[in-house]
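K.L.:
Quick one: the structure is below, questions incoming.
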Amino acid sequence: MPADRTPGTGPDDPHDPDGPVGPAAPDDGPRDERHETPTQRADRHWGELLQEVRVTQTGVQVLFGFLLTVAFTPRFATLGDTDRAIYIVTVLLGAATTGALIGPVAFHRIVSGHRLKAQTVAWAARLTLSGVVLLLATVTSALLLILRIALHNAAVPWLLAGVVVWLGLCWFALPWWALRRHEHEK
């Protein structure tokens, strides 16, 4: 790969959901040809990434806002040391998640106008994926705390594991499987 191209942004990138730009191979069958320049592709990918970040940011902001208010409730004073530690970890994870998901906007603002759109998209995508991983950790930690307080029994780890597996399937395994299946069909 040329030194001036960032992985995930080139016209021949196998991980690009739109495939390579240009004429389709005879065995590819019908497909939508965009015939876009690398700059147009980077602009389109940036717009798509912003939409994804908007969705995740809203959920994170609501979750983080609720987490911040917990310390000011009367019940917080009655939490044991373990539950307080889980709460602190959860708040820190929520802050890290917020930072990772706001990162693409700050990154863009700082490098905007310097002809770094393709690199910005690549770095923003990495920050966004990091934010989703951190969101999984935040939700897991928050759910652990809530279930420990609400249930006080041996079902907590099983319920927590079930939710984590479900989120992992929805957020990571299913997209990975679809990508592998698509690559295998090529």
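K.L.:
Quickly work out the T78-to-H184 label distance, labels modelled 7 Å from Cα along the C-beta direction, and quote it in nm with one decimal.
P.N.:
Using points 7 Å along Cα→Cβ, the separation is 5.3 nm.
K.L.:
Follow-up question, since we're still on this one. Is the stretch 69-186 best put as rounded, prolate or oblate by its Cα gyration tensor, with a ≥ b ≥ c the root eigenvalues, rounded for a/c under 1.5, and otherwise prolate when a/b is larger than b/c, oblate when not? Intermediate values should be presented prior to the final figure.
P.N.:
Numbers: a/c = 5.21, a/b = 1.49, b/c = 3.50.
Judged from the Cα gyration tensor, the stretch 69-186 comes out oblate (a/c at least 1.5, b/c at or above a/b).
K.L.:
Another question, then. Taking all protein chains in place and a 1.4 Å probe, what share, in percent, of the accessible surface of the stretch 103-153 do carbon and sulfur account for?
P.N.:
Numbers: 1980 of 2840 Å².
Here it works out to 70 percent.
The values are calculated or read from the model by the stated rules, or taken from the named source; none is laboratory data. All values derive from a computational prediction rather than experimental measurement. Reconstructed Cβ throughout: ideal geometry from the backbone, glycine too, with neighbour counts over all protein chains shown. Only protein heavy atoms, including side chains, enter the accessible area calculation; ligands, DNA and RNA are left aside. Shrake-Rupley method; radii C 1.70, N 1.55, O 1.52, S 1.80 Å.
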